[in-house]
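Trainee: Would you mind keeping the following structure in view while I ask a few things?
We did not get these values from a lab; they are worked out from the coordinates using the rules stated. In this text, all values refer to a predicted model and were calculated from it rather than measured experimentally. Using ideal geometry, Cβ is built from the backbone for each residue, glycine included, and neighbour counts are taken over all protein chains shown.
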Amino acid sequence: MTHWNPVADFDAAYDNSGAVTGAAEFAPRWEREAASFRAALAARGRSEIDLAYGENPRQKLDLFRPEGEPRGLVVFIHGGYWKALDKSFWSHLARGAVESGFAVAIPSYRLAPEARLTGIAGDVAAAIALAAERVAGPVRLVGHSAGGHLVARMVSSGTPLAASVLARVDRVVPISGLHDLRPIRRTRMNDTLRIDAAEALAESPALLEPAHACPVHALVGAAELPELRRQSWLLASSWAGLGAPVEAAELPGRHHFDVIEELGLAGSQMTRILTAGASL
């Protein structure tokens, strides 16, 4: 049986940067690789940049298309604890799904403290809806960290996703997701996030019921902080107990920042889970 120690220091328990040697080197590299990928697809006429799904400057998405007719749509939702980063850091992670025949949308969304989590979830739902209007077929959602929370939120009770779009979602892959927001309220981050008790209950997927019977694959790095690992297992345990087709797995040797890099490879296990329903 897995043993979880009580949390003594909530800030340390959720400090992903502090837990990974060289953490500051990842974002600049991601930004360079993302820009290179965007330029390559733009040169082939296979990208649409800054499609607006709302009036706020951050309510925009980028859409990348495969050669030929897409098999469906993948939407990637980025992390940053709901308060940092934007779509420009992640474009290269579309490569695996694009080379597997899917169109990939990557949105930005409003950040805290400008928006509360309920509003951020609404942004994500609006972005998915716009992308789904432009690409036919099944919709698959994948998100990292805070983005993992947001994609799970799209298929939990009270989802802000329109019923017509929700019906097209046929796979969800939360990576290193934060599925119970109550511990986040005990961190200093909450000075910015402003999650209150009611919002923690209303926006935590693990405390809600699954609202759509599609497969959910909760992934997390085996070298991640215990709380990040526990959160993924919590979602799987909670939703499996409610009859949802959900599974969880830890990826050997992966920490919070390199765990997502397999999305950039068409033949990787993570990309095959997302695009072909491969087993964990």
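Trainee: Which of His144, His3 has the fewest other C-beta atoms within 10 Å, and how do the rest follow up to the most?
Mentor: His3, His144
Trainee: Also, I was wondering about something else. Residue by residue through segment 75-81, which ³J(HN,Hα) values in whole Hz follow from phi under the Karplus form 6.51 cos²θ - 1.76 cosθ + 1.60 (θ = phi - 60°), with glycine and proline marked x?
Mentor: Couplings: 10, 9, 10, 7, x, x, 6 Hz.
Trainee: Could I ask something else about it? Please compute the length gained on full extension between Ala167 and Ala40, using 0.36 nm multiplied by the number of residues separating them and subtracting their Cα-Cα distance.
Mentor: Length difference between fully extended and current span is 42.4 nm.
Trainee: Which longest run of the chain has no exposed loop site in it, a site being trypsin sites (Lys or Arg not before Pro) in a DSSP loop with at most 16 other beta carbons within 10 Å, and the site itself not part of the run?
Mentor: 84-187
Trainee: Once amide H atoms are built 1.01 Å from N in the peptide plane, which residues 5 or more positions from Ala218, or in another chain, come under 5 Å H to H?
Mentor: Answer set, sorted by chain and number: Glu247, Ala248, Ala249.
Trainee: Which ³J(HN,Hα) values in Hz, rounded to whole numbers, follow from the phi angles of segment 226-233 under the Karplus curve 6.51 cos²θ - 1.76 cosθ + 1.60, where θ = phi - 60° and Gly and Pro get x?
Mentor: The phi angles translate into x, 5, 5, 5, 4, 4, 5, 5 Hz.
Trainee: Determine the calculated [θ] at 222 nm for the chain from helices alone, applying -39500 (n - 2.57) to every DSSP H run no shorter than 4 residues and normalising by the residue count; nearest 500 deg cm²/dmol.
Mentor: Computed mean residue ellipticity for the chain: -9500 deg cm²/dmol.
Trainee: Another question, if that's okay. Among Trp4, Trp239, Trp30, which comes first, then next, by fewest other beta-carbon atoms within 10 Å?
Mentor: With the fewest neighbours first, Trp4, Trp239, Trp30 line up as Trp4, Trp30, Trp239.
Trainee: Any chance you could get the radius of gyration and Dmax over the Cα atoms of the chain, in Å?
Mentor: Values for the chain (Cα only, Rg and Dmax): 17.2, 53 Å.
Trainee: Sequence-distant or interchain residues sharing an amide H contact under 5 Å with Arg171, placed H: which?
Mentor: The answer is Leu141.
Trainee: Once you order the gyration tensor axes a ≥ b ≥ c over the Cα atoms, which shape class does segment 149-240 get: rounded for a/c under 1.5, otherwise prolate or oblate by comparing a/b with b/c?
Mentor: Oblate, because a/c is 1.5 or more while a/b does not exceed b/c.
Trainee: Right, next: Can you list the residues, at least 5 places off or on another chain, whose amide H is less than 5 Å from the amide H of Leu178, using H built in the peptide plane?
Mentor: The list, which skips near neighbours in sequence, is Gly148, His149.
Trainee: Work out the P(r) tail for segment 1-73: percent of alpha carbon pairs separated by more than 18 Å, whole number.
Mentor: Looking at segment 1-73, the distances longer than 18 Å represent 66 percent of pairs.
Trainee: Please work out how much length the chain gains when fully extended from Ala213 to Glu133, using 0.36 nm per residue of separation minus the C-alpha to C-alpha distance, in nm with one decimal.
Mentor: 26.6 nm
Trainee: Give the residue list of GluC sites (Glu not before Pro) in segment 67-131 that are DSSP loop and have at most 14 other beta-carbon atoms within 10 angstrom.
Mentor: Passing sites in segment 67-131 are Glu67, Glu114.
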